[in-house]
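To start, the structure itself, in structure tokens.
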Amino acid sequence: MAAIARRREADYLLHLEAYCRVPECPAREVRVHLKDYDQTLLPLLRKRRGLRCPVCGGRLALHSIQDRDQEQQVRHLEARWSVNAQLWERDHGPVFPVAALCDDRLPPTPPGWFDQTRTEK
């Protein structure tokens, strides 16, 4: 909870990723997008004794906390990875090399790609 409190001081919009520890629970990864304008988050977490699984009520293991800027950077990075994987698969087949797995560089866009005068039919 201390990590959440520290991150909450920097921003009131948070993105949490956690994992349900209960072996019998079908929930695994839990993502929570929070808006804490009124600073009610920390008192609620103290009252409930931490983050709880929405399915079974068990304690969640917190994996990451991101503010809105960090979360946006991660979304953009994952989008670039996804595009690269799709382009590789289109051009080379489904086996994606490990060396290229986390390469987030995008290929150059073709001429006229962002041309505002181009019309689609």
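The values are calculated or read from the model by the stated rules, or taken from the named source; none is laboratory data. These figures come from a predicted structure and were not determined experimentally. Because the Cβ atoms are built from the backbone with ideal geometry, glycine has one as well, and the counts that use them run over all protein chains shown. Ligands, DNA and RNA are excluded from the accessible area calculation, which covers all protein heavy atoms including side chains. Shrake-Rupley method; radii C 1.70, N 1.55, O 1.52, S 1.80 Å.
Work out the length of the dipole vector of the chain about its Cα centre, built from +1 on the beta-carbon of each Lys and Arg and -1 on the beta-carbon of each Asp and Glu, and round it to the nearest 20 debye. Could the numbers behind the result be given before it?
Numbers: 20 positive and 17 negative charges, 150 e Å.
Result for the chain is approximately 720 debye, rounded to the nearest 20.
Can you give the helix-only mean residue ellipticity at 222 nm for the chain, where every DSSP H stretch with n ≥ 4 adds -39500 (n - 2.57) and the sum goes over all residues, rounded to the nearest 500 deg cm²/dmol?
Details: 4 runs with 46 residues, N = 121.
So the calculated ellipticity at 222 nm is -11500 deg cm²/dmol.
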Filtering GluC sites (Glu not before Pro) in segment 1-99 by DSSP loop and by at most 11 other Cβ atoms within 10 Å leaves Glu24
The relative contact order of the chain, taking Cα pairs under 8 Å that sit 6 or more residues apart, comes to a percentage of 24 percent
For Gln70 and Glu9, extending 7 Å from Cα along the Cα-Cβ vector and measuring point to point gives, in nm, a value of 1.4 nm
Within the set Pro108, Pro23, Pro43, GNM on the chain using Cα springs under 10 Å gives the largest fluctuation to Pro108
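Please get the size of the charge dipole for segment 47-88, origin at its Cα centre, with Cβ charges of +1 on Lys and Arg and -1 on Asp and Glu, quoted in debye to the nearest 20. Let's see the in-between values first.
Values: 8 positive and 4 negative charges, 91 e Å.
Rounded to the nearest 20 debye, it is 440 debye.
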In nanometres, the difference between 0.36 nm per residue of separation and the alpha-carbon distance of Leu106 and Lys47 is 16.6 nm
Checked against the positive end of the charge dipole of the chain (+1 on Cβ of Lys and Arg, -1 on Cβ of Asp and Glu, about the Cα centre), the farthest of Pro94, Leu106, Cys53 is Cys53
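Only sites in a loop by DSSP and with at most 12 other Cβ atoms within 10 Å count here; which chymotrypsin sites (Phe, Trp or Tyr not before Pro) in segment 1-100 make the cut? List each step's numbers first, then the result.
Numbers: sites: Tyr12, Tyr19, Tyr37, Trp81, Trp88; in loops: Tyr12, Tyr37.
Answer by residue number: Tyr37.
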Reviewing (i) 1.14; (ii) 1.48; (iii) 1.26, the figure for Cα Rg over 2.2 N^0.38 Å actually calculated from this model sits under (ii)
Carbon plus sulfur, as percent of the 1.4 Å-probe accessible area of segment 49-113, comes to 56 percent
